[in-house]
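Inspection log for the structure reproduced underneath, given as structure tokens.
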Amino acid sequence: MATGISKSPVSFTLTPHKISICILVQVYAPPSQNSTPFPFSSVSQHNRLGIFILSLTKVSEGIFEPTLDELIAQLSEIGGLLNHWLNDHLTRRLSSLASPDDLFNFFTDLRGILGGSDSNVMDDDQIMLDPNSNIGMFTRRCLLAFNQMPFEGICHLLTNIGTYCKDALSSYPPCGISHLDDPTDDPNASLEFENMEMENFIYEKASDDDDEESRMGIGRIPFHGHGSKAFSELIEDGDSSSRPRLEHMDTTALSSSDMSKGIGSVNGTFLHTNWQVQGYLSEQANAIEKLGSSFPLNAFESTLRKLQKLAPDLHRVHFLRYLNSLYHDDYPGALENLHRYFDYSGVTMACSIFSIWSKNELMKQVASAIFHGTEGLEYVPPPSGCSTLGRYESALLCLGMMHFHFGHPKQALEVLTEAVRVSQQYSDDTCLAYTLVAISNLYSEIGISKMSRIIGSSSWPVAGMGTSLSAQQQLFVLLQRSLKRAESYKLKRLVASIHLEIAKYDLTVRVFLFVLVQIVFVFISWVTGAIYLVAILVSARLSGVRAFVPQAAFVIQISEIHVQRPLLSFGPKASLKLRTCPPNVHKEIWLSSHLINEFGDESSVMTIEGAFCTAWLKNLKNPTGSLIFTEGNENRNVFQFCAQPSSVPGSVLQLLGSSYLVRAASWEMYGSAPLARMNALVYATCFADSSSLSDAALAYSKLIQHLAVYKGYKEAFAALKIAEEKFLCVSKSRILLAKLQLLHECALHRGHLKLAQQLCDKLGVLASPVTGVDLELKTEASLRNARTLLAANQYSQPLYGSDVLKMVVQPLCGG
Amino acid sequence: MASKETCRTELRYAVRHLSDRGLYSASRWAAEQLMGIEQDPSKHTPSHTRFQRGSSSIRRRFRTADSSTSGTPSAGVSYVTTPSMIGVEDYDYDPIDNDFYLLGKSYFDCREYRRAAHVLRDQTGKKAVFLRCYALYLAGEKRKEEEMIELEGPLGKSDAVNKELGSLERELSTLRKNGTIDPFFLYVYGLVLKEKGSENLARAILTESVNSYPWNWSAWSELQALCTTIESLNSLNLNNHYMKDFFLANAYAELRMHNESLSKYEYLQGTFTFSNYIQAQIAKAQYNLREFEQVEVIFEELLRNDPYRIEDMDMYSNVLYAKECFSALSYLAHRVFLTDKYRPESCCIVGNYYSLKGQHEKSVMYFRRALKLNKNYLTAWTLMGHEYVEMKNTSAAVDAYRRAVDINPCDYRAWYGLGQAYEMMGMPFYALHYFKKSVFLQPNDSRLWIAMAQCYETEQLHMLEEAIKCYKRAANCNDREAIALNQLAKLHLKLGRSEEAALYYQRDLERMEAEEREGPNMVEALMFLARHCQTKKRFDEAEVYCTRLLDYTGPEKETAKSLLRGIRYERDVEHFPP
């Protein structure tokens, strides 16, 4: 279970919430009962409570444990008829814990429900909790934690239980209390009865106190009404007047999304277990990457700040902060937090996550590959004695990517070079492999000719190759080398990514030999049902399409490409000497996606369990009721289905999705528009959830362009409208680009040359004025400009002619 | 500034007021300043003034009691019997209240805070109420400290919260609304607010407190801790008072405006001539201005007057460390350890001693102990980082430095240490980030600029132009070790700019002459200049340099001779062209 992360027994602390779960466990598996124990009327009811408990122990939503109120609310969703009884029982048992001795007795009772290790002796009629089941493990951990607890700890626990109950009662409708007088349902009535008087006393006292408190509280500080007092106090800073408003804004912006709850409100004062918090953080990291700049910056930041207050040694928080500032283009913040994270990470490396980021989607694969950590740089236990070496290289790698992201190619290269040097020094081959890919990425993005000018002659990783090779060849050699390295170290995701990268590289080399060889859907075996379905659907379509693409059609397409420019471009477009052929491209893509097969079984089960549980609990809150347990609920729509976490790790899905995008691009390049469209369609349908927002936008814009070519502008504009709504928040996005392109095409088509020129200018403005950045965009703008000029028959003018040439050539040469 | 006599009277009252309320450190501070005021020579015989400096504290106390005009009660006398001393403070004369107060105060003095608060629970006298509030606050603080250790979870110590803050805040804010609040309440209110994180309100409240009762140094210190920028300091609306000068001097020092702070203290010394506190603060400023000689003198005097002082002695030990005074440092460590070994300062001094002795493991142990006593002890984190660097344990060093930086982001030494650690690991580009931070905080420290320049100069980076810029900055801010000029010359030479190189060699030479230093740099400079002048046909100059080179033994002498020969030949050729 969670043993991988939490090694020391100290890492599991008892909290009132866990005691509540223990109480529920006692209800679930009471000692010496028949197969359907007392309060339950049916087996399904019984099982539901079991699943509920299981989910409670694993849910990774937010950083705080829920308050008693929230727990009771959730409980009433599953309880049905038992609702009142369960709530009563829970609050009663909790408030009966008034002295250390009560706690001792409670845990002795709890010990009783665990079955012995020899399960074969077990009586069939009796419900025994298997000590090795999930709930059994949880119970045992609670017992262990209690046994190891010093007396101070017990005192704290008691105080905490007191406030836990008190907070709940202040807002809890009195139904629980009214039922209190009704002990008929209680299996342990006799036991409870003895405590009765005392209990009532406690209730009175608690409510009295509470009254007093709220009276005072309302006069002075309505901000802390009840519950989570300590925390609202903690965050109530000097600028408290402004922050809540900000938070509010953020959460409303996100209210449709599923995480508003975890961020906006403070649930309780106790952190979830280490493992649950980690799960939450990695979910958030995914969300940041997926949503980009639309992720709520301030709200998440304040959550992180709270987390850091409570767990100052959880350095991962700094990394999340880094990601957060990175995606909101806060350069100083990102820099500061990156450095801080890696400065601290040396001492507590055991559970550090790792992610790097970059502008183009290949590096995103790398990033998430590392982030999810099955083969992450630090997950590999290093040989004894040098356990902290890995982090410095990783720090450099991250920093390099960060500079790349912020458009500082010079610094990025400087840092990555240093990363290469340091990883060579510490013989950290894994990091070296990643760094080389990062560098080749940088090259392909910026253009190698420019790069070599930046580097100068000395001290760079591929200096050995000499200058005899052309720039493109150098890039190719670099990729091949990293591929070999990655293969030899069994970095499967990296190998897959490099294959993709090589495919992209091949794509940029335009060799017009069209041989359609490989259509690969071999790897779909592991994909969940929905993807299966779509895949079958798609391949059915495909079989029709395949016959439809003869070579002759391709020739026409080529001419079209020349006139129309490929709808989408990857990397620099210079014409090349190196000859590669389409089979190679598809071989690479196939290799890439083929490798993904191997992830089916080794996915990080724990995170997914957590995500499942979160989703399950969330569904409880849906007004429609529980989806899982309503039988025959077939008409759930696809989106909801996709929202359910699949068993495939997100990074792998992303990688796979990316391979579809490349595939789409390749088909486009080789002239098969329907195949390109289909691939984009597959991507948009199946992988939109696991991909980042910008990738999804890319796929959409592609589809729109396809519509424009084949169905006319009207439909394209309609589709554009839909896409614009979906990707509203992303500034400078692909969608905007697609819109401008579309408008431009349209204007040219209709002969509105002035308008076309204006649109060209707009396109040009989108690109950053810094040289070496946004090359693709600049090329696009210049080409479109050129086409406008050509359409206006102005090519005869020498001034324009040279301008056009310059405009097109300049960005390509990188200067 | 108020006359010395007024100051004296005011402070005497203040000591009483403050200690009646259990504000001990403020009262101690006031008493120290009281003793620091120079006696009026007209009122005393010369024999009294002769003892002013270097006399034992007993004698000084005797003299003050002697000279007091208003009959200051000696320490044993209860204030109840001398109602004249209560003065400005409004005081509840109800005798029953008074007995409660006395019991509460005694409990308070025995550090039984909850008990004290309980005894005082129904009292209405202002002093009693204050004592109750303050006792509650302290009880909460004590519990907080304990909880901090008890609650250490898997992810480190979570911040325990003082549980009394909420109720105290409510009570104090009601008092404030009623208008029955006095400056002492305001101080506690400010404390509570500060701890709760509402800094702006805390600042306003504390300002109110010090404006109506300026002699509470604790309130000033809290206020200072809330002024982390010069803007926030300037925005305070403070009444003019000599206590404000104390405050400003302290605040300037914390904002690294050492010269301003120094001048304030020197001004205050006019009145509080013999204040140990001011002397120690001056030493601190001088230390930050790297005037180690003066710091040493001041501390020697301080120790003569106040031999059991432990405050600020860690700084003295740093000075002794920098000057490599083994025996003095060991003597200091011994003395301090006998006085109180469980003070972070004491541990830090011992750590310094072991570090000087090269026993870094032991040194780290003592720094660790210091940090256990006070985990926010900045100096110890930084020094421990240095030790780890010495031990080549770079990752531990990085961690220690980073903690220092997170406690106080203005600690340029720790930033510098981080840079150094990363440079040691062969990551010069990464290290640059940290060096940049440190030079930003301390732009006038040549060592930092030189470290940064060396970073640029490494063969991995080889960014010579940037290195030159850094060396130039270093040369401009009084480079003590005189590395910058020589390096500048060398770098220019490397880049083939012989004119600039000659310029810097010349400046370096002048400097060495002025400071009367000899060494390989001198020879190098002379040699280059001689050759340079020869190629530029400035034979007279070249001859001068060559003759100076002749003073040295070794290969230089021979080279100089041959150079001279060459010069003579060239001259001949020039005068009598063939």
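The values are calculated or read from the model by the stated rules, or taken from the named source; none is laboratory data. This one's a predicted model, so the numbers in the text were calculated from it and none came from an experiment. Methodologically, a virtual Cβ is constructed for each residue, glycine included, from the backbone with ideal geometry; neighbour enumeration extends over all protein chains shown. Note: accessible area is taken over every heavy atom of the protein model, side chains too, but ligands, DNA and RNA are not part of it. Shrake-Rupley method; radii C 1.70, N 1.55, O 1.52, S 1.80 Å.
Here are the numbers for this structure:
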{"item": "Subset tally (residues that are facing another protein chain (nearest Cβ under 10 Å) and open to solvent by 10 Å² or more (accessible area, probe 1.4 Å)) for the stretch A:295-314", "result": "5"}
{"item": "In the stretch B:527-570, the residues that are part of a helix (DSSP H, G or I) and charged (D, E, K, R)", "result": "B:Arg531, B:Asp540, B:Glu541, B:Glu543, B:Arg548, B:Glu556, B:Lys557, B:Glu558, B:Lys561, B:Arg565, B:Arg568, B:Glu570"}
{"item": "Flag for A:His328 being under 14 Å from A:Phe406 (Cα atoms) and either modelled with pLDDT of 80 or more or at the interface with another protein chain (Cβ under 10 Å from one of its Cβ atoms) (or both)", "result": "yes"}
{"item": "Verdict on B:Ser330 being surrounded by fewer than 23 Cβ atoms within 10 Å (Cβ to Cβ) and more than 20 Å from B:Ala280 (Cβ to Cβ)", "result": "yes"}
{"item": "Of residues in the stretch B:349-392 being surrounded by fewer than 18 Cβ atoms within 10 Å (Cβ to Cβ) and part of a loop (DSSP other than H, G, I, E, B), the one farthest from the other protein chains (Cβ to nearest Cβ)", "result": "B:Lys357"}
{"item": "Flag for A:Leu291 being within 19 Å of the chain's Cα centre (by Cα) and more than 14 Å from chain B (Cβ to nearest Cβ)", "result": "yes"}
{"item": "Subset of the stretch A:64-94 (residues that are open to solvent by less than 10 Å² (accessible area, probe 1.4 Å) and among the small types (Gly, Ala, Ser))", "result": "A:Gly79"}
{"item": "Test for B:Ser232: is it surrounded by fewer than 21 Cβ atoms within 10 Å (Cβ to Cβ), out of contact with any strand residue (DSSP E or B) (no Cβ under 9 Å at 6 or more places or on another chain), within 13 Å of another protein chain (Cβ to nearest Cβ) and part of a helix (DSSP H, G or I)", "result": "yes"}
{"item": "Pairs where the first residue, in the stretch B:385-406, is more than 14 Å from B:Gly426 (Cα to Cα) and the second is surrounded by fewer than 23 Cβ atoms within 10 Å (Cβ to Cβ) and among the acidic types (Asp, Glu), C-beta under 8 Å, 6+ apart", "result": "B:Met391/B:Glu361; B:Ala404/B:Asp411; B:Val405/B:Asp411"}
{"item": "The stretch B:252-272 - residue that is farther than 14 Å from B:Gln224 by Cβ and small (Gly, Ala, Ser) and, of those, least open to solvent (accessible area, probe 1.4 Å)", "result": "B:Gly270"}
{"item": "Residues of the stretch A:731-746 that turn out to be surrounded by 19 or more Cβ atoms within 10 Å (Cβ to Cβ) and at pLDDT below 75, as a count", "result": "3"}
{"item": "All helices (runs of 4 or more DSSP H) inside the stretch B:115-210 with 2 or more residues being among the charged types (D, E, K, R) and away from every other protein chain (no Cβ under 14 Å)", "result": "B:126-150"}
{"item": "Where a residue in the stretch A:424-436 is part of a loop (DSSP other than H, G, I, E, B) and its partner, wherever it lies, is surrounded by fewer than 24 Cβ atoms within 10 Å (Cβ to Cβ) and not basic (Lys, Arg), with Cβ under 8 Å and at least six apart", "result": "A:Tyr426/A:Cys386; A:Tyr426/A:Leu389; A:Asp428/A:Leu377; A:Asp428/A:Leu389"}
{"item": "Residues (over 10 Å from B:Gly419 (Cβ atoms) and within 11 Å of another protein chain (Cβ to nearest Cβ)) located in the stretch B:430-468", "result": "B:Thr458, B:Glu459, B:Gln460, B:Leu461, B:His462, B:Met463"}
{"item": "Flag for B:Ala397 being modelled with pLDDT of 90 or more, within 10 Å of chain A (Cβ to nearest Cβ) and open to solvent by less than 10 Å² (accessible area, probe 1.4 Å)", "result": "yes"}
{"item": "Among the candidates B:Val297, B:Val319, residue that is free of Cβ contacts under 8 Å to residues at least 40 places away in the same chain, in a helix (DSSP H, G or I), of a type outside the set (Phe, Trp, Tyr) and exposed (fewer than 15 other Cβ atoms within 10 Å of the Cβ)", "result": "B:Val297"}
{"item": "Candidates B:Glu146, B:Glu199, filtered to the one that is free of Cβ contacts under 8 Å to residues at least 24 places away in the same chain, acidic (Asp, Glu) and surrounded by fewer than 19 Cβ atoms within 10 Å (Cβ to Cβ)", "result": "B:Glu146"}
{"item": "Filter result (open to solvent by less than 10 Å² (accessible area, probe 1.4 Å) and within 13 Å of chain B (Cβ to nearest Cβ)) within the stretch A:316-325", "result": "A:Val317, A:His318"}
